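Since the structure comes first, as structure tokens, the remarks are kept for the end.
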Amino acid sequence: QVQLVESGGGLVQAGGSLRLSCAASGRTFSMNWFRQAPGKEREFVAAITRSGGTTLYADSVKGRFTISRDNAENTVYLQMNSLKPEDTAVYYCAAGGWGDPSQVAYWGKGTLVTVSS
């Protein structure tokens with residue numbers, strides 16, 4: 001069984017930055033971040049392979065967000081810069097798969113990010 005615990009969400013002004021963390025227990029997987037805004041479907045944000053050597057980003061966050069991982073600490077990070085109000089959402093850490101929510105094996109409970117204009 002794998003448990004994922006996100007942290008680092010909060011309220012930030014447009015143009016600001018936040019760093020999300022996801023602490024994982026158990027096996028090592030490829031890891032993803034997804035987000036779900038109010039009234040919208042869950043969407044892919046970023047993914048990273050088990051080694052950390054390859055990453056993938058949604059077009060909407062490319063150049064602003066960076067996914068990384070520390071396998072010694074079993075933690076995945078999402079550095080979010082130049083935040084926009086449209087980035088407001090609950091952000092979910094997900095283990096397994098590659099950018100496709102149907103491939104995910106485990107989900108965290110989410111952390112809320114609110115970007116004010």
Checklist line | Matching option when the condition is open to solvent by 30 Å² or more (accessible area, probe 1.4 Å) and not acidic (D, E), among A105, A58 | finding: A105
Next item on the list: Look at Y91 and say whether it is aromatic (F, W, Y) and within 13 Å of L18 (Cβ to Cβ).
Entry: yes
Note to self: Among (1) more than 12 Å from the chain's Cα centre (by Cα); (2) within 16 Å of T111 (Cα to Cα), there is one condition N74 misses while meeting the rest; what is its number?
What the structure shows: (2)
Notebook entry, point to check: Wholly within the stretch 60-109, which strands (runs of 3 or more DSSP E) include no fewer than the required count, namely at least 3 residues that are in contact with a Gly (Cβ under 7 Å, 6 or more places away or on another chain)?
Noted result: 89-95
Check: Which is part of a loop (DSSP other than H, G, I, E, B) and in contact with a strand residue (DSSP E or B) (Cβ under 8 Å, 6 or more places away or on another chain), of V113, V2?
Finding: V2
Note to self: With the requirement that a residue be open to solvent by less than 50 Å² (accessible area, probe 1.4 Å), hydrophobic (A, V, I, L, M, F, W, C) and without any contact (Cβ under 8 Å) to a residue 40 or more places away in the chain, what does the stretch 63-86 give you?
What the structure shows: F65, I67
Item checked: Scope the stretch 9-38; condition outside any strand (DSSP E or B) and either basic (K, R) or open to solvent by 50 Å² or more (accessible area, probe 1.4 Å) (or both); matching residues -> A14, G15, S17, G26, R27, T28, P38
Next item on the list: Considering only the stretch 87-102, state which residues are surrounded by fewer than 19 Cβ atoms within 10 Å (Cβ to Cβ) and among the aromatic types (F, W, Y).
Entry: W98
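The values are calculated or read from the model by the stated rules, or taken from the named source; none is laboratory data. The structure presented is a predicted model; accordingly, all values stated were derived computationally and were not measured. Cβ atoms come from the backbone with ideal geometry, glycine included; neighbour counts cover every protein chain shown. When the accessible area is computed, the model is the full protein with side chains, heavy atoms only, and any ligands, DNA or RNA have been set aside. Shrake-Rupley method; radii C 1.70, N 1.55, O 1.52, S 1.80 Å.
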